[in-house]
Amino acid sequence: MKKGSIFLIVLLVAMCFAQSRKAEEFPTSAGIVRLTPVEHATFVLEGGGMTIYVDPATGNFEGLPKADLIILTDIHPDHFVPATIDRVKKDGTVIFAPESVAKTLTAAQILHYGDTKRWEGWTVEAVPAYNIQHGPSLGTVFHDKGRGNGYVLSYGGKRFYISGDTEPIPEMAALKNIDVALMCMNLPYTMSPEEAITAVKSFKPKVVIPYHYRGSDLSILQKGMAGSGTEVRLLEWYPNVQVTPAGNPGGDNGSAPEGGAAGSGQNTRPL
């Protein structure tokens, strides 16, 4: 087969995959912010002509634009994979990360808790993310305080909270005016669905999107948040994993979570 034909086939496959991605769109005063889940903890935000990758680690990136900004939350390999960063970055890509990551990724700009960066119309604030009780053994935790970051991103008058790897913590309960919260949810490393319900109700975002939830029962979150005033939106974070009726990954046929986003195109809903 000629090289030109091979290239054309690869290009068509990439285009088909890009068109099959389901993005969630959020209106802001500065235009639409588009959120595209990739896999597990990895997702892409687009707004104002800029592309932001959060924790580019795993998943298929075909058809997605290169990163203008990369935001990293933790050192674990489901959040930080240097080879993946090399794949999605370009000349001039800016990287924000906690100090624990910057020890390896020396090009990163370090953000500690409370630090704020203003970048291309976006404001990025680092907030705490850590365990209080979940750990591998008595007296230890999976995520020590000060090692990893959560973030609050502000754009066009809207505030997007990215939990990172954390449990319900006092600093989370103190968050104000969050429009969209991306909440991790998987034991033993972060939160159970019940803990996530308590956490979300403590700061009352308008919308909560569970992510980083491999093996968790999403129906518990949905039922627990019913009538709370916070809308639960389910996106497709495990595109190659079968999903049981309860909404937790359980196989390998590429189904979307119950109530999640299968198919193609974008979905714009008011905040």
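No lab work stands behind these numbers, since they all come straight from the coordinates. What you see is a predicted model; the values in this text were computed from it and never measured. Using ideal geometry, Cβ is built from the backbone for each residue, glycine included, and neighbour counts are taken over all protein chains shown.
Among 76, 143, which comes first, second and so on when ranked by fewest other beta-carbon atoms within 10 Å?
76, 143
FRET efficiency for residue 198 and residue 137, Cβ-Cβ distance as r, R0 = 22 Å, nearest 0.05?
Numbers: r = 25 Å, r/R0 = 1.12.
The formula returns an efficiency of 0.35 here.
For residue 144 and residue 217, calculate 0.36 nm times their separation in residues minus their Cα-Cα distance, and state this gained length in nm to one decimal.
Numbers: separation 73, 0.36 × 73 = 26.28 nm, distance 2.58 nm.
Extra length available between residue 144 and residue 217 comes to 23.7 nm.
Using Stokes-Einstein with the Kirkwood hydrodynamic radius over Cα pairs, what translational diffusion coefficient do you get for segment 23-260 at 37 °C and a viscosity of 0.692 mPa s, in µm²/s rounded to a whole number?
Working: Rh = 17.8 Å.
The calculation lands on 184 µm²/s.
Between residue 187 and residue 110, what FRET efficiency follows from the Cβ-Cβ distance if R0 is 25 Å, with the result rounded to 0.05?
0.25
Normalized C-alpha radius of gyration of segment 97-158, against 2.2 N^0.38 Å?
Computed over Cα atoms of segment 97-158, the ratio equals 1.32.
Once the other residues with Cβ under 11 Å from the Cβ of residue 214 are scored (Lys, Arg +1; Asp, Glu -1), what is the net sum? Please list the in-between numbers first.
Working: positive: none; negative: 39, 78.
For residues surrounding residue 214, the net value is -2.
Each residue of segment 229-234 in order: what ³J(HN,Hα) in whole Hz does its phi give by Karplus 6.51 cos²θ - 1.76 cosθ + 1.60, θ = phi - 60°, with x for Gly and Pro?
Taking θ as phi minus 60°, the curve returns x, 9, 7, 8, 10, 9 Hz for segment 229-234.
Work through the residues other than residue 88 whose Cβ is under 12 Å from its Cβ and net out their charges, Lys, Arg +1 and Asp, Glu -1. Kindly include the intermediate steps, with their values, before the conclusion.
Details: positive: 66, 87, 89, 90; negative: 55, 62, 68, 86.
Once positives and negatives cancel, what remains is 0.
Through the Karplus equation 6.51 cos²θ - 1.76 cosθ + 1.60, θ set to phi - 60°, convert the phi angles of segment 113-125 into ³J(HN,Hα) values in whole Hz; use x for Gly and Pro.
Taking θ as phi minus 60°, the curve returns 3, x, 6, 10, 10, 9, 8, 6, x, 9, 10, 10, 10 Hz for segment 113-125.
Using the number of other C-beta atoms within 10 angstrom as an exposure proxy, rank 192, 202 with the fewest first.
The fewest-first ordering by Cβ neighbours comes to 202, 192.
Tally Lys and Arg at +1 and Asp and Glu at -1 over the other residues with C-beta under 9 Å from the C-beta of residue 49: what net charge comes out? Kindly include the intermediate steps, with their values, before the conclusion.
Working: positive: none; negative: 46, 68, 120.
Result for the local shell: -3.
Using the Karplus curve 6.51 cos²θ - 1.76 cosθ + 1.60 with θ = phi - 60°, work out ³J(HN,Hα) for each residue of segment 175-182 in order, rounded to whole Hz, and write x for Gly and Pro.
4, 10, 6, 8, 8, 10, 10, 9
Past 24 Å, Cα to Cα, is the threshold; run 66/176; 117/158; 22/204 against it and keep the listed order. Could the numbers behind the result be given before it?
Values: 66/176 32 Å; 117/158 16 Å; 22/204 26 Å.
Check vs 24 Å cut-off fails for 66/176; 22/204.
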